[in-house]
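S.K.: The structure is given below, and queries will be raised subsequently.
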Amino acid sequence: MRIRTKGQGQELAMLLPALIFITALIVVPFLLSVWFSFTDQRLVPRPIPTKFIGATNYERMLVDPLFWQAIWNTVLFALIVTPVQLAMSLGAALILNSAIPFRGFFRSVAILPLLLPMTVIVSIWAVLFRIPSGPFNAVYQWFAGQGAYVDFLGNPSTAMLSVVALSAWATFPYQMLIYLAGLQDIPQDLYEASKLDGAKAWQRFRYVTWPGLRNVNIFLIIITTVGALKLFTQVDILTKGGPNGATTTIIHYLFKQGYATQKVGYASAVAVFFFLAVTAIALLQRRFLKNEGEA
C-alpha cells in the first residue's frame with residue numbers, strides 16, 4: 001500500500017492551478033469544438049435549434065478548394081519563413097556573442113521588435129509597402145526609374161513573400177535570444193582547443209558550435225514551425241487573405257468561416273483538423289530531428 005507523503009500533497013496543490021487553467025482554457029474548448037464540428041451550430045442563435053449533422057462539416061471541408069488553398073499557403077509560408085528566421089536569428093546571435101564594440105547596445109536594439117505588439121509592427125510595414133510612394137518603392141524607383149513601383153501586397157507573386165519578410169523580422173529576436181543562450185552554454189575550452197589544432201572559423205562553427213546547438217535547434221525548429229502555421233495577424237491586417245486568396249492561411253480561413261459567415265460548426269471542424277495536424281507535425285518533427293541528431 002502506497003502512502004501519500006506531505007511533500008507529494010504539496011506538489012499536487014501547486015500543480016492544481018495550472019491543471020485548472022489548462023482544463024478551462026484548452027481541454028474544455030477543444031472538446032466543445034469537437035462537438036460543434038458535428039453540428040450546424042451558428043454564431044448567432046436562430047429559430048431552428050442546432051442539430052447533429054454527423055460528418056457533413058468534414059466532408060464539406062475536404063471538397064472546398066478554398067480550404068486546400070489555405071492549407072497550401074500555410075505550408076508554403078512555414079517552409080519559407082522557418083529557415084529564413086532561424087538563419088537570421090543564428091547569424092545575429094553569432095555576431096552579438098562575439099567581442100564587438102557596443103555589444104550591449106546592439107543587443108538592446110536587436111530585441112526592440114519583441115517590445116512592440118504585432119499590430120503596431122504590421123501597421124508600420126504597411127506604410128513601408130505603400131504604393132507608389134512607400135519607402136520600399138522609393139528604393140525601387142531609385143534603381144528602376146521614376147514612376148516605377150511594385151504592388152507588394154496587391155500582386156499574388158509578391159504578397160506572400162512580403163508577409164514572410166515582415167514575419168521573419170518581427171519575431172526573429174525571440175529565436176536570437178535562445179540561440180545566444182545556447183552559444184554561451186558551449187564550453188570555451190572547446191574553442192580554445194580547436195584553435196590550437198589549427199581550426200579555422202568555419203571549422204570551429206561546423207565541429208564545435210553547430211553540434212553544441214543541437215538541442216536548441218530541435219526546440220527552435222519545432223516552435224518556429226508551429227508558430228508559422230498559426231499565421232493570422234499579419235495577413236488579416238495587410239491583405240485580408242488576398243489578392244485572390246494568395247495569402248489566405250488556415251487560421252484566417254477558419255476565422256472568416258466562424259465570424260464572417262457565422263458557421264461555427266464548420267469552423268470547429270476546421271479547427272479540430274488544424275489542431276490534430278499541427279500536433280502530428282510537431283511530434284513527427286521532434287522524432288525526426290532527434291533521430292538525426294543521434295545518427
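The values are calculated or read from the model by the stated rules, or taken from the named source; none is laboratory data. Every value quoted in this text rests on a predicted model; they were computed, and no experiment measured them. All Cβ positions, glycine included, derive from the backbone under ideal geometry; neighbour counts span all protein chains shown.
S.K.: Which numbered condition in (1) crowded, with 17+ Cβ neighbours inside 10 Å; (2) under 18 Å from V226 (Cα atoms) is the only one that L76 fails?
M.R.: Among (1) crowded, with 17+ Cβ neighbours inside 10 Å; (2) under 18 Å from V226 (Cα atoms), L76 violates only (1).
S.K.: Would you confirm, using the coordinates I've provided, whether I100 is part of a loop (DSSP other than H, G, I, E, B) and either hydroxyl-bearing (S, T, Y) or closer than 30 Å to I223 by Cα (or both)? Reasoning before the result, please.
M.R.: Details: part of a loop (DSSP other than H, G, I, E, B): yes; either hydroxyl-bearing (S, T, Y) or closer than 30 Å to I223 by Cα (or both): yes.
Considered against the rule, which asks whether it is part of a loop (DSSP other than H, G, I, E, B) and either hydroxyl-bearing (S, T, Y) or closer than 30 Å to I223 by Cα (or both), I100 comes out as yes.
S.K.: Quick test for you: out of G242, G258, G265, pick the one residue that is within 21 Å of S123 (Cβ to Cβ), of a type outside the set (F, W, Y) and either modelled with pLDDT under 95 or outside any helix (DSSP H, G or I) (or both). Before you say what the answer is, go through the steps one by one.
M.R.: Numbers: G258 fails: within 21 Å of S123 (Cβ to Cβ); G265 fails: within 21 Å of S123 (Cβ to Cβ).
The match here is G242.
S.K.: With the condition kept exactly as written, say whether any residue in region 66-75 is modelled with pLDDT of 95 or more, more than 22 Å from the chain's Cα centre (by Cα) and under 28 Å from Y266 (Cα atoms).
M.R.: no
S.K.: From R60, R42, grab the single residue that is basic (K, R), modelled with pLDDT of 90 or more, at negative phi and surrounded by 11 or more Cβ atoms within 10 Å (Cβ to Cβ). Spell out how you get there, then give the answer.
M.R.: On the way: R42 fails: modelled with pLDDT of 90 or more.
Going through R60, R42 in turn, just one is basic (K, R), modelled with pLDDT of 90 or more, at negative phi and surrounded by 11 or more Cβ atoms within 10 Å (Cβ to Cβ): R60.
S.K.: For region 144-151, indicate whether the set of residues that are outside any loop (DSSP other than H, G, I, E, B), of a type in the set (V, I, T), free of Cβ contacts under 8 Å to residues at least 24 places away in the same chain and farther than 30 Å from N215 by Cβ is non-empty.
M.R.: If we filter region 144-151 for residues that are outside any loop (DSSP other than H, G, I, E, B), which is where we start, we get 144.
Still in the running and of a type in the set (V, I, T): none.
No: zero hits.
S.K.: Please determine whether any residue of region 246-259 is more than 24 Å from V27 (Cβ to Cβ), without any contact (Cβ under 8 Å) to a residue 24 or more places away in the chain, surrounded by 15 or more Cβ atoms within 10 Å (Cβ to Cβ) and out of contact with any Leu (no Cβ under 7 Å at 6 or more places or on another chain).
M.R.: So in region 246-259, the residues more than 24 Å from V27 (Cβ to Cβ) come out as 246-249, 252-253, 256.
Among the residues that remain, those that are also without any contact (Cβ under 8 Å) to a residue 24 or more places away in the chain are: 256.
Filter once more, keeping what is surrounded by 15 or more Cβ atoms within 10 Å (Cβ to Cβ): 256.
Still in the running and out of contact with any Leu (no Cβ under 7 Å at 6 or more places or on another chain): 256.
Yes; the residues of region 246-259 include at least one that is more than 24 Å from V27 (Cβ to Cβ), without any contact (Cβ under 8 Å) to a residue 24 or more places away in the chain, surrounded by 15 or more Cβ atoms within 10 Å (Cβ to Cβ) and out of contact with any Leu (no Cβ under 7 Å at 6 or more places or on another chain).
S.K.: Name the residue that is modelled with the highest pLDDT, counting only residues in region 134-148 that are over 14 Å from T158 (Cβ atoms) and not aliphatic (A, V, I, L, M).
M.R.: Here the residue is P135.
S.K.: Here are L254, L289, L238: which of them is more than 16 Å from the chain's Cα centre (by Cα) and more than 30 Å from L153 (Cβ to Cβ)? Please lay out each step first, then the result.
M.R.: Values: L254 fails: more than 30 Å from L153 (Cβ to Cβ); L238 fails: more than 30 Å from L153 (Cβ to Cβ).
Of the residues listed, the single one that is more than 16 Å from the chain's Cα centre (by Cα) and more than 30 Å from L153 (Cβ to Cβ) is L289.
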